[in-house]
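Q: What follows is a single structure, and I will ask about it in a moment.
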Amino acid sequence: MRTHYCGAVTAADIDTIVTLCGWAHRRRDHGGVIFIDLRDREGTVQVVVDPDTPEAFRLAEEVRSEYVLKVEGRVRRRPPGTENPNLPTGEVEVITQRLEVLNPSATPPFQLDDENLSENVRLTYRYLDLRRPVMQRNLRLRYRVAKLMRDYLDAHGFIEIETPMLTRSTPEGARDYLVPSRVHDGMFYALPQSPQLFKQLLMVSGFDRYYQIVKCFRDEDLRADRQPEFTQVDLEASFMDEEGIMTLVEGMLRQVFKAAIDADLPDPFPRMPYSEAMRLYGSDKPDLRVSLVLTELTDVMRDVEFKVFAGPANAPDGRVAGLLIPGGGELTRGEIDAYTEFVKIYGAKGLAWIKVNDLARGREGLQSPIVKNLHDAALTAILTRTGAQNGDLIFFGADRAKIVNDALGALRNKIGHEKGHAVNEWRPLWVVDFPMFEWNEDDKRWDALHHPFTSPKPGHEDWLASDPGRALSRAYDIVLNGWEVGGGSIRIHDEAVQEKVFAALAIGEQERRNKFGFLLDALKYGAPPHGGLALGLDRLVALMAGADSIRDVIAFPKTQRANCLMTGAPNRVDERQLRELHIRLRNPPAVEG
């Protein structure tokens with residue numbers, strides 16, 4: 001039906017006859033000559049309709065926004081002074097010879113170039129929202145990234161293998177989405193939170209290098225970088241250690257970023273132990289664009305009279321830390337109060353601070369309600385460790401270590417970007433040497449920080465029984481500009497080590513069989529050393545596109561309440577369907593519609 005895409009008509013086509021199809025993006029009537037900006041997935045081109053073609057002109061008078069049109073005409077150069085350098089087609093226009101309305105359109109609920117649309121409106125009319133050029137670019141970027149990754153992995157000997165969507169429920173760290181079975185009364189499938197167990201089975205099966213770009217499902221609280229269904233670039237390899245996997249993934253990301261958005265990532269990516277990330281940044285996904293760091297002050301505060309600091313400093317799980325803001329002495333009291341309210345989101349009770357006005361005056365040169373509660377040695381240590389200079393400000397966090405890390409870590413990012421302490425660069429990072437376990441205070445037991453098949457670092461196996469909290473794992477996360485975009489580990493393939501991990505987690509024989517029996521059986525039959533990683537495709541593409549939310553790079557996403565505003569999912573079903581699935585509702589609601 002067409003010879004060219006609208007956005008592909010250029011000066012090279014001048015004096016040729018073209019046939020275009022697309023949507024009327026905008027129509028303007030200028031003194032008897034009608035201009036239509038015709039749009040398709042490649043862009044827009046200006047179409048001119050004049051009275052010399054009476055039938056086309058009559059139809060053009062009826063055209064409104066989003067009418068679907070077919071235009072045949074001659075390409076000519078725009079008159080001098082009317083060129084649009086902001087458009088690839090801005091040098092030319094198409095003089096219409098024939099015009100056909102392929103389909104009229106109802107008046108759209110919003111203008112496609114409205115930049116102030118509410119997200120609810122956009123998601124309700126997602127099929128129209130997706131016509132917007134920014135969304136077209138985002139989804140084409142997503143396709144491009146996925147293709148480049150497939151090409152890279154194929155070139156490195158990986159093969160794509162699909163794993164089941166209907167499987168059994170296994171503990172993955174979040175709630176499963178369950179699917180009731182019609183055939184097996186009272187039985188349920190689970191949608192996979194990840195292909196973790198299946199990709200390990202593929203290594204046992206001898207496929208050596210596997211990958212897939214796969215949907216995963218987690219029933220968890222949502223936010224900007226989470227969806228109930230999301231997409232992973234999942235890979236696993238045999239006879240490869242963490243160094244090999246990290247080198248492989250680094251190479252893929254460098255190649256993809258260069259080819260997709262012409263961005264250069266560093267070679268190699270820096271690496272940082274988990275403990276250092278928490279000490280300096282309060283986060284295991286630090287945004288390295290921000291230059292601000294936390295300063296450890298716990299030991300300094302153990303003998304001060306100020307209970308707000310001394311209490312956490314002497315508690316087993318407490319921490320006191322400072323955050324130096326260069327030039328922060330210019331912050332107003334209103335700004336400080338606003339930052340105090342901000343950290344309360346993360347459980348902090350408040351936010352102490354000191355303004356450094358004049359170091360030469362000693363205690364008298366410090367401005368703060370808390371200075372009088374700190375002895376000279378503590379003040380000296382604070383100023384020395386933070387490296388404070390005149391005009392600076394120091395914020396303090398004092399509480400359980402998790403609260404201090406969460407609050408000051410988030411404050412660091414917020415102030416860093418708001419007050420010019422961040423660079424506009426790509427800053428990737430590998431975070432390594434994670435703890436094997438984390439203590440579950442509610443259940444008084446150790447939980448696997450990643451999953452129970454993550455291998456301990458060599459030499460840490462003996463601590464699994466004697467001191468589980470001391471054992472580190474062969475896990476690694478990849479962080480980019482403050483977003484965790486992927487993570488993985490070397491898996492346990494030795495049965496004796498696996499037994500020690502289960503013992504540390506207090507997972508008994510019956511529970512092991514119920515949850516992991518098929519995998520444990522498979523690992524007995526010559527399992528090779530293996531490991532892998534999963535990258536979040538949605539998060540990566542959102543970062544590359546400069547989007548604020550992964551919903552802007554997913555064609556049909558859910559809201560933060562896991563609703564689809566366009567289709568009305570989730571929805572009620574009739575009682576007959578429920579009976580087939582052996583489900584009885586105590587108070588069945590009326591069926592919608």
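The values are calculated or read from the model by the stated rules, or taken from the named source; none is laboratory data. For clarity, every value in this text was computed on a predicted model and none was experimentally measured. Don't worry about glycine lacking a Cβ; one is built from the backbone with ideal geometry, like all the others, and counts go over all protein chains shown.
Q: Do we have residue 485 as closer than 30 Å to residue 193 by Cα, in a strand (DSSP E or B) and in contact with a Leu (Cβ under 8 Å, 6 or more places away or on another chain) here?
A: Criteria met by residue 485.
Q: Check 542, 555, 547, 527 and return the single one that is in contact with a helix residue (DSSP H, G or I) (Cβ under 7 Å, 6 or more places away or on another chain), hydrophobic (A, V, I, L, M, F, W, C) and assigned to a helix (DSSP H, G or I).
A: The unique qualifying residue is 542.
Q: Which count do you get for residues in segment 86-103 that are surrounded by 13 or more Cβ atoms within 10 Å (Cβ to Cβ) and either outside any strand (DSSP E or B) or among the hydrophobic types (A, V, I, L, M, F, W, C) (or both)? Talk me through it step by step, then tell me what you get.
A: The initial filter retains those residues of segment 86-103 that are surrounded by 13 or more Cβ atoms within 10 Å (Cβ to Cβ), namely 87-101.
Restricting the remaining residues to those that are either outside any strand (DSSP E or B) or among the hydrophobic types (A, V, I, L, M, F, W, C) (or both) gives 87-92, 94-95, 99, 101.
Final tally of qualifying residues: 10.
Q: Can you name every residue in segment 401-432 that is buried (at least 23 other Cβ atoms within 10 Å of the Cβ) and under 25 Å from residue 338 (Cβ atoms)?
A: Listed by number, the residues that qualify are 404, 405, 407, 408, 409, 411, 412, 415.
Q: Okay, next question. Out of the residues in segment 345-370 that are among the charged types (D, E, K, R) and either in a loop (DSSP other than H, G, I, E, B) or without any contact (Cβ under 8 Å) to a residue 12 or more places away in the chain (or both), state the one that is farthest from residue 404 (Cα to Cα).
A: Taking segment 345-370 and keeping what is among the charged types (D, E, K, R), we get 349, 355, 358, 361, 363-364.
Remaining after also requiring either in a loop (DSSP other than H, G, I, E, B) or without any contact (Cβ under 8 Å) to a residue 12 or more places away in the chain (or both): 349, 358, 361, 364.
Working: 349: 10, 358: 28, 361: 30, 364: 28 Å.
Taking the candidates together, the pick is 361.
Q: Shifting gears a bit: Looking at the structure I just gave you, is residue 447 part of a strand (DSSP E or B), in contact (Cβ under 8 Å) with a residue 12 or more places away in the chain and surrounded by fewer than 20 Cβ atoms within 10 Å (Cβ to Cβ)?
A: For residue 447, the condition - part of a strand (DSSP E or B), in contact (Cβ under 8 Å) with a residue 12 or more places away in the chain and surrounded by fewer than 20 Cβ atoms within 10 Å (Cβ to Cβ) - is met.
Q: A further question follows. Filter segment 104-128 down to residues that are within 24 Å of residue 8 (Cβ to Cβ) and touching a Leu at 6+ places or on another chain (Cβ under 9 Å) and give me whichever is modelled with the highest pLDDT.
A: The qualifying residue modelled with the highest pLDDT is 128.
Q: Hey, does segment 267-278 have a residue that's among the aliphatic types (A, V, I, L, M) and assigned to a helix (DSSP H, G or I)?
A: For segment 267-278, residues among the aliphatic types (A, V, I, L, M) and assigned to a helix (DSSP H, G or I): present.
Q: Could you list, ordered by first residue, the pairs with Cβ atoms under 8 Å in which the first is in segment 260-289 and in contact (Cβ under 8 Å) with a residue 12 or more places away in the chain and closer than 14 Å to residue 430 by Cβ and the second is aromatic (Phe, Trp, Tyr) and outside any loop (DSSP other than H, G, I, E, B), at least 6 apart or interchain?
A: 265/257; 269/430; 270/430; 271/430; 272/430; 284/274; 285/483
Q: State whether one or more residues within segment 309-319 are over 30 Å from residue 471 (Cβ atoms), surrounded by 12 or more Cβ atoms within 10 Å (Cβ to Cβ) and of a type in the set (D, E, K, R).
A: Within segment 309-319, not a single residue is over 30 Å from residue 471 (Cβ atoms), surrounded by 12 or more Cβ atoms within 10 Å (Cβ to Cβ) and of a type in the set (D, E, K, R).
Q: Taking into account only those residues within segment 3-58 that are in a loop (DSSP other than H, G, I, E, B) and of a type in the set (A, V, I, L, M), which is nearest to residue 141 (Cα to Cα)?
A: 9
Q: Which one of these does residue 511 not meet: (1) in contact with a Gly (Cβ under 6 Å, 6 or more places away or on another chain); (2) not in a strand (DSSP E or B)?
A: Residue 511 satisfies all of (1) in contact with a Gly (Cβ under 6 Å, 6 or more places away or on another chain); (2) not in a strand (DSSP E or B) except (1).
Q: Report yes if residue 96 is without any contact (Cβ under 8 Å) to a residue 60 or more places away in the chain and either among the charged types (D, E, K, R) or closer than 30 Å to residue 257 by Cβ (or both), otherwise no.
A: No.
Q: Let me ask something else. I'd like the full set of residues that are over 25 Å from the mean Cα position of the chain (by Cα), within 13 Å of residue 396 (Cβ to Cβ) and not in a helix (DSSP H, G or I), limited to segment 281-317.
A: 295, 296, 297, 298, 304, 306
Q: Could you tell me which of the residues 334, 347, 387 is in contact with an Asp or Glu (Cβ under 8 Å, 6 or more places away or on another chain) and among the small types (Gly, Ala, Ser)?
A: Just a single option satisfies the conditions, and that option is 347.
Q: Sticking with this structure for a sec: Considering only segment 203-215, how many residues are surrounded by fewer than 21 Cβ atoms within 10 Å (Cβ to Cβ) and either of a type outside the set (D, E, K, R) or farther than 27 Å from residue 269 by Cβ (or both)?
A: 6
Q: Among (1) in contact with a helix residue (DSSP H, G or I) (Cβ under 9 Å, 6 or more places away or on another chain); (2) outside any loop (DSSP other than H, G, I, E, B); (3) over 22 Å from residue 46 (Cα atoms); (4) not β-branched (Val, Ile, Thr), there is one condition residue 127 misses while meeting the rest; what is its number?
A: Among (1) in contact with a helix residue (DSSP H, G or I) (Cβ under 9 Å, 6 or more places away or on another chain); (2) outside any loop (DSSP other than H, G, I, E, B); (3) over 22 Å from residue 46 (Cα atoms); (4) not β-branched (Val, Ile, Thr), residue 127 violates only (1).
Q: Got a sec? Which of 200, 232, 212, 193 is part of a helix (DSSP H, G or I), in contact with a strand residue (DSSP E or B) (Cβ under 8 Å, 6 or more places away or on another chain) and of a type in the set (S, T, N, Q)? Quick ask: steps written out before the conclusion?
A: Details: 232 fails: part of a helix (DSSP H, G or I); 212 fails: part of a helix (DSSP H, G or I); 193 fails: part of a helix (DSSP H, G or I).
Within the list 200, 232, 212, 193, the selection yields 200.
Q: Same structure, new question: Among the residues of segment 172-189, write down those that are in contact (Cβ under 8 Å) with a residue 24 or more places away in the chain and within 19 Å of residue 227 (Cα to Cα).
A: Selection gives 172, 173, 174, 175, 176, 177.
Q: When residue 494 is evaluated against the numbered criteria (1) of a type outside the set (Phe, Trp, Tyr); (2) surrounded by fewer than 19 Cβ atoms within 10 Å (Cβ to Cβ); (3) within 29 Å of the chain's Cα centre (by Cα), which criterion, by number, is the only one it fails?
A: It fails just one condition, (3).
Q: Continuing with the same structure: What are the pairs, 6+ residues apart or on separate chains, where a residue within segment 401-412 that is over 14 Å from residue 295 (Cβ atoms) has its Cβ under 7 Å from a residue that is at pLDDT below 95?
A: So the pair list comes out as 401/317.
Residue by residue, here is whether (1) at pLDDT 90 or above; (2) under 33 Å from the mean Cα position of the chain (by Cα); (3) surrounded by 12 or more Cβ atoms within 10 Å (Cβ to Cβ); (4) not acidic (Asp, Glu) holds:
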position: 503; (1), (2), (3), (4): yes, no, yes, yes
position: 525; (1), (2), (3), (4): yes, no, no, yes
position: 529; (1), (2), (3), (4): yes, yes, yes, yes
position: 541; (1), (2), (3), (4): yes, yes, yes, yes
position: 545; (1), (2), (3), (4): yes, yes, yes, yes
position: 563; (1), (2), (3), (4): yes, yes, yes, yes
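Q: A further question follows. Among the residues of segment 29-37, is any surrounded by 20 or more Cβ atoms within 10 Å (Cβ to Cβ), under 41 Å from the mean Cα position of the chain (by Cα) and touching a residue at least 40 places away in the same chain (Cβ under 8 Å)?
A: Within segment 29-37, not a single residue is surrounded by 20 or more Cβ atoms within 10 Å (Cβ to Cβ), under 41 Å from the mean Cα position of the chain (by Cα) and touching a residue at least 40 places away in the same chain (Cβ under 8 Å).
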